[in-house]
Each structure stands twice: as structure tokens, then as C-alpha cells.
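The values are calculated or read from the model by the stated rules, or taken from the named source; none is laboratory data. Here the structure is a predicted model, which means the values were calculated and not measured. FYI the Cβ positions are ideal-geometry reconstructions off the backbone, even for glycines, and counts take in every protein chain you see.
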Amino acid sequence: MLIKLLLFVLCAVFVLKGVESAELQQRAVDINDFRKLALERHNYHRRRHGCADLILNDTISAHAQDWANQISLGEGLPHRPNNPYGENLFAAWASWTDYDITGDVAVNSWYSEIHKYVFGEATPHNFNDVGHFTQLIWKNSKQLGVGKVAKNGKVWVVANYDPPGNYGGEYVENVPKPL
Ligand SMILES: *[C@@H]1O[C@H](CO)[C@@H](O)[C@H](O)[C@H]1NC(C)=O
């Protein structure tokens, strides 16, 4: 059972340098608006694959927010150790201090990994390139928690999923092709 529970988690780091970016956000983004849009964007992508909507769960969002707070104090983009949930991470930064993003930005960047995903593999041969996408779509995940910190020109996003996805050997049934 423990072997089957081998859970993959991934990080994505994006650097924004130009001020032309469509993702430029001049005003602070309210966390409730952020969560709502992140949820909607998850479900928009999941429906394309025939997967049921996720539900936002406040307990899981508090868990995600706690980790966003913690990683915003340190270096890099480490995953939470011993996490009972699946986890997607995202960080981005810009050269102005009030930089912030809306809730769709991280989700769309995770989804864009679909272009590298080979449907039909029991376990992806290129997991490091596609693991955010597969957790986002993962059919058996039901609930979502979202956390975000925007501070000093940098943004950290944490999404947690319950039940977690990305179980080796279970990709064919959990990551269906687009309809
Ligand atoms: C929200 O998540 C917590 C922790 O996983 C769980 O105990 C609780 O039942 C969930 N709430 C709902 C309404 O499903």
C-alpha cells in the first residue's frame, strides 16, 4: 500500500521581467476573490476533461494559506512535508513591490503542461513536466484549498487537493483526454 501511496508533487517558478505582461496587477487582489477565481479556473479545465467540479474547502484553504505564509519567509519553493493533500505550487515575481496576480494565473500555467502530457500512460514518463496538470485534472480529487501571499514584488500560490492525485499507475482513469 505504501508503494502505491507514492505521491508526486511539483513546483513551478515563473519569472516576469517585463511590465507589459497581461498578468500585471497594480492593486492587491483580495484573497476571497483569488480563491473563487482559482476554483472556477480549475473547474473550467476539469469540465473539458469530463471531471467533476472541485469544491472549495475552508479547512484545506487554511492549510494551503499556512504553507504559503511559511514558504514566503524562506528560500525556494519547497513542498510541505508529510502533506495529507496533493499540492501544486507556483511563484512569480516582478520588479515592482505591489506586484500581485489574480486566481486564474497559476491555474492556467499548471494547465499549460497538457501540451507535454502523453495520454494513456499508467504513469507519466515525464512526470516533472506534467505533474501540475495531472493533479489539477485528477478525477478522484474532490476538494480544493487555495492560499496566496503577495509581498515585496513576489507572489506565492499553494493549491491543496483532497483526496490527493498523482498516484503511480492510476493516471489512465484519472486523467482523461479532453472531450
Ligand atoms: C473540509 O476538509 C476537512 C479536512 O480535510 C474535512 O474534515 C471536512 O469534512 C471538509 N468539509 C466538507 C464540508 O467536506
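Looking across region 140-170, just one residue is more than 22 Å from Asn82 (Cα to Cα), not in a strand (DSSP E or B) and not polar (S, T, N, Q), and that is Gly153.
Among residues belonging to region 62-78 that are more than 9 Å from the ligand (Cβ to nearest atom), crowded, with 17+ Cβ neighbours inside 10 Å and not aliphatic (A, V, I, L, M), point out the one that is farthest from Leu136 (Cα to Cα). It comes out as Ser72.
Scanning region 18-41 for residues being among the polar types (S, T, N, Q), over 17 Å from the mean Cα position of the chain (by Cα) and either crowded, with 17+ Cβ neighbours inside 10 Å or at pLDDT 55 or above (or both) gives a total of 2. For region 150-160, the candidate set comprises residues that are under 13 Å from the mean Cα position of the chain (by Cα) and either more than 16 Å from the ligand (Cβ to nearest atom) or at pLDDT below 95 (or both); within that set, the residue that is surrounded by the most Cβ atoms within 10 Å (Cβ to Cβ) is Val157.
Counting only residues that are surrounded by fewer than 21 Cβ atoms within 10 Å (Cβ to Cβ) and within 16 Å of the ligand (Cβ to nearest atom), region 81-95 holds 3 of them. The residue of region 70-108 that is farthest from Asn57 (Cα to Cα), among those that are polar (S, T, N, Q) and touching a strand residue (DSSP E or B) at 6+ places or on another chain (Cβ under 6 Å), is Ser72. Gln135 passes every criterion in (1) surrounded by fewer than 23 Cβ atoms within 10 Å (Cβ to Cβ); (2) polar (S, T, N, Q); (3) in contact with a Leu (Cβ under 9 Å, 6 or more places away or on another chain) apart from (1). Here Pro124, Pro163 are screened, and the one residue that is within 16 Å of the ligand (Cβ to nearest atom) and either at pLDDT 95 or above or surrounded by fewer than 15 Cβ atoms within 10 Å (Cβ to Cβ) (or both) is Pro163.
Here region 41-57 is the region considered, the condition is being in a helix (DSSP H, G or I) and without any contact (Cβ under 8 Å) to a residue 60 or more places away in the chain, and the residue that is nearest to Val146 (Cα to Cα) is Asn43.
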